[in-house]
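In what follows, a single structure is set out as structure tokens and then discussed.
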Amino acid sequence: MVDLKGQYHKIKKEIDDAVLSVIESTQFIKGPVVKSFEEKLAAYLGVKHVIGCGNGTDALQIAMMALELKPGDEVIVPAFTYVATAEVIALLGLVPIMVDVNLDDFNIKIDEIEEKITNKTKAIVPVHLFGQNADMESILRLAEKHNLYVIEDAAQSLGSTYQNKKSGTIGDIGCTSFFPTKNLGCMGDGGALFTNNDDLAAKIRMIASHGQIKKYHHSVIGVNSRLDALQAAILDVKLKYLDDYATARRTAADRYDHLITTSENIKTPKRNKNSDHVFHQYTLQSDQREAYIKKLKEKNIPNNIYYPIPLYRQEAFKRGNEDLYLPNTEQLCKTVFSLPMHTELTNDQQEFIVNQLLS
Ligand SMILES: *Cc1c(COP(=O)(O)O)cnc(C)c1O
């Protein structure tokens, strides 16, 4: 699905030098490399604060802790997403309230949010799925009307722009992941939180560091979640290429669109007008998904289903959701499949893939 080796080899010298210099420095935890990367990412995003952490899941958890959400509080999430988004909600004793998504852009369905808001609702967590931002304008309007926090899950959308703002910098807190296959991937685990709010930034730093306000003084229960210096050094190199990576992905997506348009049975991904698309995934929809996947498998062409099961049907989330049936989520789980999508895809590779797909 990705070509991490090809991507690495193009910038091997820079990455190797950056990694070796951290090893020489022996400053593996915190230190200047982490600080410098946080500052550069903040400048790139146009946000006041970037706080590194251990991974994207931790980022979401720390965000909810920083907003002081309490057991029993309800948090609105799309039902069609990666498990992490809802998992941390449940882990903190909060209640994930699942909402359906749009069939065309896979993002949370705005006109079904309001009917799920109760006096216990405290936050909305839009997930900018597959690299395209949810309708943030409407989400912010609802959040303001009902006095809710907005935590953006920008794990798949880093670098994309909504209107004139970067993904993850629009709500109260943005969260992202640097998992190797994400658009800005490190070589292990990593994550970050973004905010323009000074108080929240301080709280996030404190929580990510054992709730510590100064050494051996702990004012709240926190966690231990750090972006390590080796990963920060790698990310610092790769951040320079993030816009080029997005361009390569968009070019590849346009090529797929062009090659696939001839087929009536397959729906190609829609582009929204308020958001650009950084194509974390290139996701098709078809009633005949199984037949297409079989074709791809004949030639060992990678493909994947993100996501095959609605969150509320997962064993872990069944309780309380027994009667939930969200038609678009159900439909997407049965019809979506994703093609290889990465920064190194060539025209020839894509022609080969699509020829086999439509053969
Ligand atoms: C990858 C991902 C996460 C979790 O990130 P990790 O770094 O793997 O913990 C959360 N939400 C979404 C939408 C993701 O794609």
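The values are calculated or read from the model by the stated rules, or taken from the named source; none is laboratory data. Please read these numbers as outputs of a predicted model, since none were measured by experiment. For neighbour counting, all protein chains shown are included, and Cβ atoms are generated from backbone atoms with ideal geometry for every residue, glycine included. Each accessible area value is taken on the protein alone, full model and side chains, heavy atoms only, with ligands, DNA and RNA left out. Shrake-Rupley method; radii C 1.70, N 1.55, O 1.52, S 1.80 Å.
Tabulated values for the structure
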{"quantity": "Residues that are of a type in the set (A, V, I, L, M) and in contact (Cβ under 8 Å) with a residue 24 or more places away in the chain, drawn from segment 28-43", "calculated": "29, 33, 34, 41, 42"}
{"quantity": "Output for segment 1-41, where each listed residue is under 30 Å from residue 92 (Cβ atoms), surrounded by fewer than 20 Cβ atoms within 10 Å (Cβ to Cβ) and touching a Lys or Arg at 6+ places or on another chain (Cβ under 9 Å)", "calculated": "29, 30"}
{"quantity": "Any pair with Cβ under 9 angstrom, 6 or more apart, that starts in segment 201-215 at a residue that is of a type in the set (D, E, K, R) and ends at one that is in a strand (DSSP E or B) and modelled with pLDDT of 95 or more", "calculated": "205/49; 205/51"}
{"quantity": "Any hit, segment 76-84, residues being without any contact (Cβ under 8 Å) to a residue 12 or more places away in the chain and either in contact with a Pro (Cβ under 6 Å, 6 or more places away or on another chain) or hydroxyl-bearing (Ser, Thr, Tyr) (or both)", "calculated": "no"}
{"quantity": "Options 292, 325; residue that is aromatic (Phe, Trp, Tyr) and closer than 18 Å to residue 86 by Cα", "calculated": "325"}
{"quantity": "Count of residues meeting criterion [more than 16 Å from the ligand (Cβ to nearest atom) and either open to solvent by less than 10 Å² (accessible area, probe 1.4 Å) or of a type in the set (Ser, Thr, Tyr) (or both)] in segment 95-124", "calculated": "4"}
{"quantity": "Subset of segment 212-228 that is in a strand (DSSP E or B) and closer than 20 Å to residue 191 by Cβ - its residue that is most open to solvent (accessible area, probe 1.4 Å)", "calculated": "224"}
{"quantity": "Members of segment 274-312 found to be at positive phi and surrounded by fewer than 20 Cβ atoms within 10 Å (Cβ to Cβ), listed by number", "calculated": "300"}
{"quantity": "Answer residue from segment 147-199, given it is of a type in the set (Ser, Thr, Tyr) and in a strand (DSSP E or B) and is nearest to the ligand (Cβ to nearest atom) among those", "calculated": "177"}
{"quantity": "Flag for residue 83 being open to solvent by less than 40 Å² (accessible area, probe 1.4 Å) and either within 16 Å of the ligand (Cβ to nearest atom) or of a type outside the set (Lys, Arg) (or both)", "calculated": "no"}
{"quantity": "Count - residues of segment 43-60 that are within 15 Å of the ligand (Cβ to nearest atom), assigned to a helix (DSSP H, G or I) and open to solvent by 30 Å² or more (accessible area, probe 1.4 Å)", "calculated": "2"}
{"quantity": "Residue list for segment 92-138, restricted to those being under 14 Å from the mean Cα position of the chain (by Cα), of a type in the set (A, V, I, L, M, F, W, C) and part of a loop (DSSP other than H, G, I, E, B)", "calculated": "106, 125, 134"}
